[in-house]
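To start, the structure under review is shown below, and the notes come after it.
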Amino acid sequence: MTTTPQAVRRASPRTRRKTTPAAPDPSAGFMPQREPVRLLEPDGTPLPARDDYPEPPVEALREMYRRMVVGRRFDVQATALTKQGRLAVYPSARGQEACQIGGVLALREDDWVFPTYRESMALTARGLDPVEVLTLLCGDWHCGYDPAATRTAPQCTPLATQCVHAAGLAYGESYQGRDTVALAFIGDGATSEGDFHEGINFAAVFKAPVVYLVQNNKYAISVPLSRQTAAPSLAYKGVGYGVPSEQVDGNDPVAVLAVLDRAVAHARAGKGPYLVEAHTYRMEPHTNADDQTRYRDADEVEAWRDRDPIARLEAYLRARGVLDDAAVAAVAEEAEEYAATLRRRMDSQPTVDPLSLFDHVYAEPTPQLVEQREMVRAELAADGEGDA
Ligand SMILES: Cc1ncc(C[n+]2csc(CCOP(=O)(O)OP(=O)(O)O)c2C)c(N)n1
Ligand SMILES: [Mg+2]
């Protein structure tokens, strides 16, 4: 009779196997929570307090509410200015107020912001002049504000390029012994770009103090997140580079500020970059020039209205007794005045000369530029808008 190996295994007495201690988990301290961090229910009801993300001081939350309300009013006004021909284009950040305001509130004045085209609200909330912020969107060739004086880089239209700029600036600051932090805003779609990966890798290797705030608003123009990535969370893209990463409910202002406070403290302490993925939603079309009915249902947009970040924070602060009708009315009035002043000032802005686009490109314009400038000049002349 032959003995099969299975029979031998069954017959052999049980022996105690030697065990080796488990190797330390190399991802410990890097991995995001399984569920996005959330401190408030969508209706503003507080969730149990947690040690890892202490709630920010109530004064910071009241200030956040004020800036979110003013920020939304600014956003509505800017959208209206496109209809009046005052702005060439405007990418709205409606629905993303918690991320926009949280991103700048978590920083010191001497920290740097690296925004994209969608961050006009964040920049005005940071205290930049709204007329200057909208300069580029009027079609002008420059960003309107002084990046060095405001510690705010120009709003980037080429996707993800700001990730490399932020890494370089932050590295330079720490190299010179300063504890400045750079916060780079970036969209979900832009995390597919090479510059995002190169920037975050450089920052990780050289411990550059950058916070990458990914606003996952579910769309890159018409491309939904499901066509953008197969990763369960964009926060895993940070882990792959050795960057501690977290995901947060981006429509929960309290959680956004708590998570960003921790991320900024990490970077400022010299521990290198941090990535935060904020789950939010773009309530408006990509820009005023986009037709969103071609790629998403109105029902989907409607469903996100119940998760409005401003209503959520207002309900919470009212329930805590630190915000009342009078304070809400005062903030609403401030927002109206802000919008009225912006309207007035934009009305008296000189119109941008389209031909100025060709100035300052090269000291000696290339033959192609000369040809293109002539084409534009002839087109304007034909429309009766320029010199013949
Ligand atoms: C390098 C580059 N490629 C393509 C574009 C065209 N483009 C402009 S916005 C956009 C979508 C970006 O989506 P996302 O990063 O999610 O940011 P969101 O607009 O949602 O804030 C694209 C593809 C661009 N501006 N730059
Ligand atoms: Mg997006």
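The values are calculated or read from the model by the stated rules, or taken from the named source; none is laboratory data. Predicted model only: the values in this text are computed from it and were never measured. Positions of Cβ are generated from backbone atoms using ideal geometry, with glycine treated the same way; all protein chains shown enter the neighbour counts. Heads up: the accessible areas ignore ligands, DNA and RNA and are worked out on the full protein's heavy atoms, side chains in. Shrake-Rupley method; radii C 1.70, N 1.55, O 1.52, S 1.80 Å.
Set side by side, the residues Asp324, Asp261, Asp290 differ, and just one is in the same structural domain as Arg66 (by TED's automatic domain parsing), closer than 25 Å to Val164 by Cα and at pLDDT 95 or above, which is Asp261.
The single condition among (1) over 21 Å from Glu300 (Cα atoms); (2) surrounded by fewer than 24 Cβ atoms within 10 Å (Cβ to Cβ); (3) away from ligand 2 (no atom under 16 Å from the Cβ) that Pro232 does not meet is (1). Can you go through Pro158, Pro154, Pro147 and tell me which one is surrounded by fewer than 21 Cβ atoms within 10 Å (Cβ to Cβ), in the same structural domain as Ala80 (by TED's automatic domain parsing), closer than 30 Å to Val69 by Cα and within 16 Å of ligand 2 (Cβ to nearest atom)? Sole residue among the options that is surrounded by fewer than 21 Cβ atoms within 10 Å (Cβ to Cβ), in the same structural domain as Ala80 (by TED's automatic domain parsing), closer than 30 Å to Val69 by Cα and within 16 Å of ligand 2 (Cβ to nearest atom): Pro158. From the list Ala122, Ala93, the lone residue that is within 18 Å of the chain's Cα centre (by Cα), surrounded by 24 or more Cβ atoms within 10 Å (Cβ to Cβ) and assigned to a loop (DSSP other than H, G, I, E, B) is Ala93. Of the residues contained in the range 219-228, none is found to be free of Cβ contacts under 8 Å to residues at least 40 places away in the same chain and crowded, with 24+ Cβ neighbours inside 10 Å.
Comparison of Leu380, Leu357 shows that the only residue that is within 23 Å of Leu134 (Cβ to Cβ) and in contact with a Pro (Cβ under 7 Å, 6 or more places away or on another chain) is Leu380. Inspect all residues belonging to the range 186-200 and state whether any of them is under 16 Å from Asp110 (Cα atoms) and either away from ligand 2 (no atom under 16 Å from the Cβ) or open to solvent by less than 60 Å² (accessible area, probe 1.4 Å) (or both). Within the range 186-200, not a single residue is under 16 Å from Asp110 (Cα atoms) and either away from ligand 2 (no atom under 16 Å from the Cβ) or open to solvent by less than 60 Å² (accessible area, probe 1.4 Å) (or both). Taking (1) closer than 22 Å to Leu136 by Cβ; (2) touching a helix residue (DSSP H, G or I) at 6+ places or on another chain (Cβ under 6 Å); (3) of a type in the set (A, V, I, L, M) in turn, Val331 satisfies each apart from (1).
Can you confirm whether Leu357 is open to solvent by 90 Å² or more (accessible area, probe 1.4 Å), among the hydrophobic types (A, V, I, L, M, F, W, C) and touching a residue at least 24 places away in the same chain (Cβ under 8 Å)? Outline the logic, then answer.
Numbers: open to solvent by 90 Å² or more (accessible area, probe 1.4 Å): yes; among the hydrophobic types (A, V, I, L, M, F, W, C): yes; touching a residue at least 24 places away in the same chain (Cβ under 8 Å): yes.
Spelling it out, Leu357 is indeed open to solvent by 90 Å² or more (accessible area, probe 1.4 Å), among the hydrophobic types (A, V, I, L, M, F, W, C) and touching a residue at least 24 places away in the same chain (Cβ under 8 Å).
Scan the range 279-298 and give yes if some residue there is open to solvent by 80 Å² or more (accessible area, probe 1.4 Å) and free of Cβ contacts under 8 Å to residues at least 24 places away in the same chain, otherwise no. Yes - at least one qualifying residue is present in the range 279-298.
There is at least one residue in the range 174-185 that is outside any loop (DSSP other than H, G, I, E, B) and within 16 Å of ligand 2 (Cβ to nearest atom). Residue pairs whose Cβ atoms lie under 8 Å apart, sitting 6 or more positions apart in sequence or on different chains, and linking a residue in the range 105-124 that is assigned by TED's automatic domain parsing to the domain that holds Ile200 and more than 15 Å from ligand 2 (Cβ to nearest atom) to a partner that is open to solvent by 30 Å² or more (accessible area, probe 1.4 Å) and of a type in the set (Asp, Glu), are Leu105/Glu63; Ala106/Asp261.
Looking at Leu275, Leu260 in this structure, which one is more than 16 Å from ligand 1 (Cβ to nearest atom) and under 27 Å from Glu63 (Cα atoms)? It would help to see each step written out before you state the result.
Details: Leu275 fails: more than 16 Å from ligand 1 (Cβ to nearest atom).
None of the others qualify; the one that does is Leu260.
Condition (residue is surrounded by fewer than 18 Cβ atoms within 10 Å (Cβ to Cβ) and within 16 Å of ligand 1 (Cβ to nearest atom)) applied to the range 237-255: is it met by at least one residue? Within the range 237-255, not a single residue is surrounded by fewer than 18 Cβ atoms within 10 Å (Cβ to Cβ) and within 16 Å of ligand 1 (Cβ to nearest atom).
Run down Pro21, Pro54, Pro46 and say which single residue is open to solvent by 90 Å² or more (accessible area, probe 1.4 Å), over 30 Å from Asp129 (Cα atoms) and not polar (S, T, N, Q). Working first, answer last.
Numbers: Pro54 fails: open to solvent by 90 Å² or more (accessible area, probe 1.4 Å); Pro46 fails: open to solvent by 90 Å² or more (accessible area, probe 1.4 Å).
Sole residue among the options that is open to solvent by 90 Å² or more (accessible area, probe 1.4 Å), over 30 Å from Asp129 (Cα atoms) and not polar (S, T, N, Q): Pro21.
Scan the range 207-228 for residues that are closer than 20 Å to Leu260 by Cβ, within 11 Å of ligand 1 (Cβ to nearest atom) and among the β-branched types (Val, Ile, Thr) and the total you get is 1.
Taking only the range 185-206 into account, find how many residues are of a type in the set (Gly, Ala, Ser), touching a residue at least 60 places away in the same chain (Cβ under 8 Å) and more than 12 Å from ligand 1 (Cβ to nearest atom).
Taking the range 185-206 first, the residues of a type in the set (Gly, Ala, Ser) are 187, 189-190, 192, 194, 199, 203-204.
From what's left, touching a residue at least 60 places away in the same chain (Cβ under 8 Å): 187, 190, 203-204.
In the following step, the residues that additionally are more than 12 Å from ligand 1 (Cβ to nearest atom) were identified as 203-204.
Qualifying residue count for the region: 2.
One line per residue, one yes/no per condition, for (1) assigned by TED's automatic domain parsing to the domain that holds Gly240; (2) out of contact with any helix residue (DSSP H, G or I) (no Cβ under 9 Å at 6 or more places or on another chain); (3) acidic (Asp, Glu):
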{"position": "Ala49", "(1), (2), (3)": "no, yes, no"}
{"position": "Asp52", "(1), (2), (3)": "no, no, yes"}
{"position": "Glu63", "(1), (2), (3)": "yes, no, yes"}
{"position": "Asp75", "(1), (2), (3)": "yes, no, yes"}
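One residue stands out in the range 201-232 among those that are in a helix (DSSP H, G or I) and of a type in the set (A, V, I, L, M): the one that is nearest to Thr161 (Cα to Cα), namely Ala203.
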